[in-house]
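The values are calculated or read from the model by the stated rules, or taken from the named source; none is laboratory data. From a predicted model like this one, the values you see are computed outputs, not experimental measurements. As a convention, Cβ positions derive from the backbone with ideal geometry for all residues, glycine included, and neighbour counts pool all protein chains shown. The protein model used for the area step is the full one, side chains on, heavy atoms only, and it has no ligands, DNA or RNA in it. Shrake-Rupley method; radii C 1.70, N 1.55, O 1.52, S 1.80 Å.
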Amino acid sequence: MRTLRNAFTSGRIHHAYMLTGVRGVGKTTTARILARALNYQLDGQPDTGPSLDMPQLGVHCPAILESRHVDVLEMDAASNTSINDIREIIEAVKYKPLSARTKVYIIDEVHMLSTAAFNGLLKTLEEPPPHVKFIFATTEIRKVPVTILSRCMRFDLRRIEPAVLMAHLSGICVQEQVSIEQDALRLIARAAEGSVRDALSLLDQAIAYGHSKVLAADVQHMLGISDGGRLYSVFDALAKADAQGALAAFDVLYQDGADPAVVVGNLLEFTHQISTAKVSGLEGLDDTVHPAEREAIARFAPQLSHAALQRMWALMLKGLNEVEAASAPHASAQMLLIRLCYAASLPAPDELLKMHQHQPMSDAVVHAPAGRPSGGGAAAHAVQMAPVAAVAAQPNTLQNAMPNTIEALLELAEARKKIALKTMLERDVHVVAYAAGRIEIQPAAHASKTLVADLQRGLLELTQSRWWVSISQPASQAAAPATTIFQKRHHQEQEQLASAAQHPFVKLALEQFVGAKLRSVRAMDTAIETEGETDV
């Protein structure tokens, strides 16, 4: 306004104006007011030139406001998009206005013009005759070519504030002698999202719906908005990770006729309001927020962290698109609620990092691979401590009984016929550290390159739980290769054979049976009872 007033006062009036903003904020109305200012003149008084001070209707004002003035031409670019329509304007600008001071062309939804039409308008728009002004209006400013924008003075019309919109609607209701509740005004103003046209359409619908008496409950039902108290019950269950309670509260809303997508949208908006209140307090909320909703926001804000709210917002935002596109919106919304409850119990990344840092470390050290740059010295090889023992104390949520030792794990694999997994654990790895759900290994030289992935997949199939398989490299390349379980067993068997071969009876047997070899050693588990004595 200040720019226009200074321009009119100094006589430096631009030849083209671009008005942009969302639907229903008054772009076309503003264009007509600007056309009035360009041609303002009182009847019977001398012409003083363009003026923004219009205390009363001038000679041309009624015709301009009613879109019937011969020198103020309005064109809808949505239905007149071709170069031929623009060619008519180019030919007409040569002629002076018939009765007004200035010939004004108002082109609404100018972004709908074709490329050829824009190109045809360029030269005339850049150097129009002094008696011609252009006023453009659009909701899609990004679709207007830069060559057009550079020739216009641009004004962005902002959304109407909720308080102003509510006061405007209230004044209309007084003139129409319609009784309307304050909460109903608040709901309509919020649904209009700053658009006066949308607000008037909703108000007209609400008056027809309520028979000249507009109640908040009727507006709520008309818009399909979720009941506030029940919506808070759904959100409370989500915050507590109570999937059963969330589904029950949602089903009550659904049975009352609430649209699943609208419910998710209301939850999304409520999450945004809580996040805003945590940052700027309740004072940061606009006037359309109901007092009961403010109380709910004040109750939930201290309970939820910023990380939890951001996670809920991201899941709801993605889930809203899924619900709107789903063939079964009710089922899709239910799955979203279950997903939110599951995510509510998960720690945030920073919390997970703190938990990880406070876990006790095992003595196993993960070393950098050979050839990794280091600052020098033996200490430069150690990279990370592997927290293995700490996992043993954590309960497993997917299976109650997890093998607590590598031997128990091998027995479970053998019992469930997972021979490939058992073979990998016995022959292809050296187990550095083991705990339920986590295993640290050193691969054998002949191990497969996909060993870690194969082990994770096999352990998942065996225990129905995900495992953390990490690799611990030797401290130096000169270190002796680690032994596998199979190699340890073989070494133990060889020691038993060597020890058994030194037994006198075994020596005598080998001497008597020429060419005989000692294959294996078995422990005696039977006894011979003779006269109350037992000889083993």
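Averaging the Cα positions of each part gives two centres, and for the stretch 265-327 and the stretch 425-471 these lie 43 Å apart. From most to least packed by mean Cβ count within 10 Å, the peptides 14-20, 142-148 give 14-20, 142-148. Proximity of backbone amide H atoms, modeled 1.01 Å from N, is registered between residue 436 and 392 at under 5 Å, excluding neighbours fewer than 5 places apart on the same chain.
Note that the stretch 96-184 presents 54 Å² accessible area per residue, ligands and nucleic acids not counted, probe 1.4 Å. Distance between the pseudo-spin-label points of residue 465 and residue 76 (7 Å out from Cα toward the beta carbon): 6.8 nm.
Model label points for residue 272 and residue 142, set 7 angstrom from Cα along the Cα-to-Cβ axis, are 1.7 nm apart.
A Förster radius of 30 Å combined with the Cβ-Cβ distance from residue 205 to residue 325 puts the calculated FRET efficiency at roughly 0.65. Label positions at residue 242 and residue 256, each projected 7 Å from the Cα along the C-beta direction, are separated by 1.7 nm.
Taken as Cα centroids, the stretch 482-510 and the stretch 127-185 sit 95 Å apart, rounded to the nearest whole angstrom. For the residue pairs 94/123; 417/449; 94/133, the C-alpha atoms sit more than 20 angstrom apart in 417/449.
For the residues 491, 69, 290, a 1.4 Å probe over the protein chains yields an accessible-area ranking, largest first, of 491, 290, 69.
Judged by the mean number of other Cβ atoms found within 10 Å, the most tightly packed of the peptides 458-468, 38-48 leads the ranking 458-468, 38-48.
Put simply, the amide H of residue 40, placed in the peptide plane, has neighbours under 5 Å in 51, leaving out anything fewer than 5 places away on its chain. Of the solvent-accessible surface of the stretch 259-315, computed with a 1.4 Å probe over protein heavy atoms with every protein chain present, carbon and sulfur atoms account for 58 percent. How many percent of Cα pairs in the stretch 1-129 exceed 26 Å? Value for the stretch 1-129: 23 percent of Cα pairs lie more than 26 Å apart. Here residue 3 and residue 217 are evaluated by their C-beta separation; at R0 = 35 Å the FRET efficiency comes out at 0.15.
Taking Cα centre as origin and charging only the Cβ of basic (Lys, Arg, +1) and acidic (Asp, Glu, -1) residues, the dipole magnitude of the stretch 49-94 rounds to 100 debye. Computed over the stretch 141-284, the range of Cα coordinates on each principal axis works out to 60, 42, 29 Å, biggest value leading.
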